[in-house]
1. Over all alpha-carbon pairs in the range 78-144, figure out the percentage whose distance exceeds 14 Å.
2. Kirkwood Rh, Cα Rg: Rg to Rh for the chain?
3. Just to confirm the number: angle between the C-alpha axis of helix 28-38 and the first principal axis of the chain, 0 to 90 degrees, nearest 10?
4. Does anyone have the angle between helix 162-176 and the longest principal axis of the chain? Alpha-carbon axes, 0 to 90°, nearest 10?
5. Taking 0.36 nm per intervening residue step and subtracting the Cα-Cα distance, what contour gain separates residue 155 from residue 77 on full extension?
6. Can you give the relative contact order of the chain as a percent, counting alpha carbon pairs under 8 Å and 6+ residues apart?
7. Between the range 65-96 and the range 123-161, what's the alpha-carbon centroid distance in Å?
8. By how many nm would the segment from residue 32 to residue 105 lengthen if fully extended, with 0.36 nm per residue of separation less the alpha-carbon distance?
Amino acid sequence: MTFDINSQAKRTSEEVITACISNVDVSYKTIRDLVEISKTTSRGRLRLCAHETVNESVHEMFIVHPKGAYIPPHKHLEKSESILVLDGEVEYFTFSDDGVVNQRISMGDYRSGKSFFFRLQKPIFHSMLILSETLTFLEITKGPFNPNDTVEAGWAPNKNSDPQVSLFLKNLSRLCEG
């Protein structure tokens, strides 16, 4: 039987649903349900944590972000991070410590012909530019969760500064043209 969000998970915040069972199987229906639930959140975002607690050693999260979502450039100290695109298209960027784009990876689901998996091993600033109406991906990283393990780039706009965020996203979009 496929994982049931309504009976086998709990809402731990507006944008986070956490599994209440140890063994989680995710189907197409689960992903579609996540996308629909994401539309009811104030930012259009949602994550399903397949791990039961923030203290687990491996964190596996199914994440939905809408087009235009701003993911501030950040890096994780002493943690790797993998993403696997399930649905949608995204440009994944890595940056130098002073904000210069080092790498741009065009990503989509495995049928798109684009890269669908990326593993970032070292603490490098990274962010995404979401091109599709929604992006659904699996993110895997080391636990336990500690907010101090994530460093936001000092050169990046504050997430509460709409004009600066819009300009930053527009500049990333320009890098994708041509």
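1. Details: 1265 of 2211 pairs.
Everything past 14 Å amounts to 57 percent.
2. On the way: Rg = 16.1 Å, Rh = 16.9 Å.
Rounded to two decimals, Rg/Rh equals 0.95.
3. Helix 28-38 sits roughly 60 degrees off the main axis of the chain.
4. 80
5. Details: separation 78, 0.36 × 78 = 28.08 nm, distance 1.78 nm.
The span from residue 155 to residue 77 would gain 26.3 nm if fully extended.
6. Working: 379 pairs, mean separation 41.5, N = 178.
Dividing the mean separation by the residue count of the chain yields 23 percent.
7. A separation of 5 Å, based on Cα centres.
8. Numbers: separation 73, 0.36 × 73 = 26.28 nm, distance 2.53 nm.
Between residue 32 and residue 105, full extension yields 23.7 nm more.
The values are calculated or read from the model by the stated rules, or taken from the named source; none is laboratory data. Predicted model, so just to flag it, every value in this text is computed and none were measured. Glycine gets a Cβ as well: all are built from the backbone with ideal geometry, and neighbour counts include every protein chain shown. These area figures cover heavy atoms from the full protein model, side chains too; ligands, DNA and RNA do not enter into them. Shrake-Rupley method; radii C 1.70, N 1.55, O 1.52, S 1.80 Å.
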